[in-house]
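Down below is the structure, laid out as structure tokens.
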Amino acid sequence: VDAPVITLDGPGGAGKGTVSTLLAERLGWHFLDSGALYRLTALAAMNHGIEMTNEAGLAVVAEHLDVTFVQQDGETVIMLENDNVTEAIRTEEVGTNASKVAAFSRVRDALLKRQRAFAVQPGLVADGRDMGTVVFTKAGLKIFMTATSHERARRRVAQLTAKGIEADFDQVKADIEERDERDMNRKTAPLVAASDAIELDTTEMSIEAVVRFIEQEAKNRG
Ligand code: C5P
């Protein structure tokens, strides 16, 4: 039998990461941070001097990505070729480059199998842009989470500030909007809600309210 899957798609900074982590924890399910795979591809390419325009080169990097996700004290540590890159992949520069490499279909194809391998018992919560439309089209529950770019920028700045990283609101908002633009307008797997997804505007919802809403939906569907 296939493992049950809940997909959470939506634009950057909508809180998908926090919500899916909490949800996976409460359900005791696995968690796939698909954005991390695109970020890792971008970082590996940067380390190896491969241009963000070189589709063939980037596809090779994605195919051979030497990455391990290690669970440590309830946190996920991400190792890339023996380096702990947990923090390094979260910078705006890597995020921007991730959205550039993610526009190439050969890169996306190279990461497909790796993503599907996460769908094992007892279940999977998958966070990304195309989880419901491409990677897990048969998922039992699909959520498309949005929030205004103003609210998403506010959340991202709060997150960065909490980590002691200085951030300029207007710059963060501009970056978010530029990334949205690229993610929504690319030819391959553009950011769009699956026709069978529940669209959830979280602008005025707390994290807890969002998690509870999804848990309830999951329960209702058995
Ligand atoms: O979610 P996160 O900000 O980590 O994603 C980084 C970038 O990776 C996104 O801007 C998007 O371009 C790309 N991505 C994607 N498909 C996914 C997840 C992320 O194209 N499933």
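Here is how the numbers come out for the structure above:
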item: Full-stretch length increase - Ser105, Ala3 - with 0.36 nm per residue and alpha-carbon distance subtracted; result: 34.1 nm
item: The chain: calculated mean residue ellipticity at 222 nm from DSSP helix runs of at least 4, using -39500 (n - 2.57); result: -14500 deg cm²/dmol
item: For region 135-148, Karplus couplings with θ = phi - 60° (6.51, -1.76, 1.60), whole Hz, Gly/Pro x; result: 6, 10, 5, 9, 3, x, 9, 10, 10, 10, 9, 10, 6, 4
item: For region 111-150, alpha-carbon Rg and Dmax in angstrom; result: 11.6, 38
item: For region 53-181: span of alpha carbons on each principal axis (Å, largest first); result: 38, 38, 36
item: Asn54 paired with Asp83, simple spin-label distance in nm, labels 7 Å along Cα-to-beta-carbon; result: 1.6
item: Cα pair distances of region 66-131 binned at 10 Å [whole percent]; result: 16, 44, 37, 3
item: Label point distance in nm, Leu112-Glu92, each placed 7 Å from Cα along Cα→Cβ; result: 3.5
item: Alpha carbon convex hull of region 1-126, volume per residue in cubic angstrom; result: 108
item: Amide H partners (placed H, <5 Å) of Thr148, local residues excluded; result: Thr203
item: Cleavage-rule hits (GluC sites (Glu not before Pro)) in region 130-222: DSSP loop, at most 12 neighbouring Cβ within 10 angstrom; result: Glu166, Glu204
item: GNM flexibility winner over the chain from Ala194, Ala56, Ala103 (Cα, springs under 10 Å); result: Ala56
item: Nearest-0.05 FRET efficiency for Ala174 and Glu63, computed from C-beta distance (R0 22 Å); result: 0.10
item: Karplus (6.51, -1.76, 1.60) ³J(HN,Hα), θ = phi - 60°, over region 85-95, in Hz, Gly and Pro reported as x; result: 10, 3, 7, 4, 7, 8, 6, 4, 4, 5, x
item: Rg in Å to one decimal, and Dmax rounded to a whole Å, for the chain via C-alpha atoms; result: 16.6, 49
item: Gyration tensor over alpha-carbon atoms, region 151-211, equivalent ellipsoid semi-axes in Å; result: 24, 19, 8
item: Sites Asn47 and Lys219, calculated FRET efficiency, Cβ-Cβ separation with R0 45 Å, nearest 0.05; result: 0.55
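Values in this text are rule-based calculations from the coordinates and carry no lab data. Keep in mind that what you see is a predicted model, and the values were worked out from it rather than measured. Cβ: placed from backbone, ideal geometry, glycine included. Neighbour counts: every protein chain shown.
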